[in-house]
1. Ile74 - would you say it is surrounded by fewer than 15 Cβ atoms within 10 Å (Cβ to Cβ), over 23 Å from Phe36 (Cα atoms) and under 16 Å from the mean Cα position of the chain (by Cα)?
2. Which ones in the range 77-111 are aromatic (Phe, Trp, Tyr) and not in a strand (DSSP E or B)?
3. Quick one: in the range 86-103, which of the residues that are in contact with a Leu (Cβ under 9 Å, 6 or more places away or on another chain) and surrounded by fewer than 16 Cβ atoms within 10 Å (Cβ to Cβ) is farthest from Ser20 (Cα to Cα)?
4. I'm trying to understand the selection: among the residues of the range 104-134, which are of a type in the set (Val, Ile, Thr) and surrounded by 14 or more Cβ atoms within 10 Å (Cβ to Cβ)?
5. Could you look through the range 124-144, keep only residues that are assigned to a strand (DSSP E or B) and either assigned by TED's automatic domain parsing to the domain that holds Glu26 or aliphatic (A, V, I, L, M) (or both), and pick out the one that is farthest from Tyr83 (Cα to Cα)?
6. Give the residue, chosen from Ile106, Ile74, that is within 24 Å of Gly21 (Cα to Cα) and not polar (S, T, N, Q).
Amino acid sequence: MRMEIDLDYIKQIIEFAKESGLKEIEIAEGQRSFRFVLTKDEVVPVTQPSIPQPIEVVEKVSEETNQQLSTHQIKSPMVGTFYASPAPGEQPFVNTGQRVQEGDIICLIEAMKMFNKVRADRSGVLKRVLIEDGGVVEYDQTLFEFEEA
């Protein structure tokens, strides 16, 4: 089965990425997924299968003792717009110093008019939020730092 590609729509997305200063943008529609890497003078399309990306977590463990605090980061699983709360004017999902349980929703990332929930992959205390509400995030950009005792 042949699928049509709306080239005008793709051009609009690429122009948006250029104007926003993004280096990469990924478009997913149904079973199709396209990723474009923007270089200085050109756009390079990189096709890839439409497989959801897990949230990557990086852990830094203190070598002194298991009782000391360890820090881990939660990174963006996609390119999009970061939202700290479920709706404008509402309380954020998490606040600095708050204890977060594994599975808690910690933010939303809007991509292609779809709001994607980002969940904590483990329990801990929120140490820092590294992106402003409404800010554009790139794939693999660190969003949060958590501490765990």
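1. It is false that Ile74 is surrounded by fewer than 15 Cβ atoms within 10 Å (Cβ to Cβ), over 23 Å from Phe36 (Cα atoms) and under 16 Å from the mean Cα position of the chain (by Cα).
2. Phe93 - this is the single residue of the range 77-111 that is aromatic (Phe, Trp, Tyr) and not in a strand (DSSP E or B).
3. Per the stated criteria, the residue is Arg99.
4. Matches in the range 104-134: Ile106, Ile109, Val118, Val125, Val129, Ile131.
5. Val125
6. Result of the check over Ile106, Ile74: Ile74.
The values are calculated or read from the model by the stated rules, or taken from the named source; none is laboratory data. These figures come from a predicted structure and were not determined experimentally. Please note: Cβ atoms are built from the backbone with ideal geometry, for glycine as well, and neighbour counts cover all protein chains shown.
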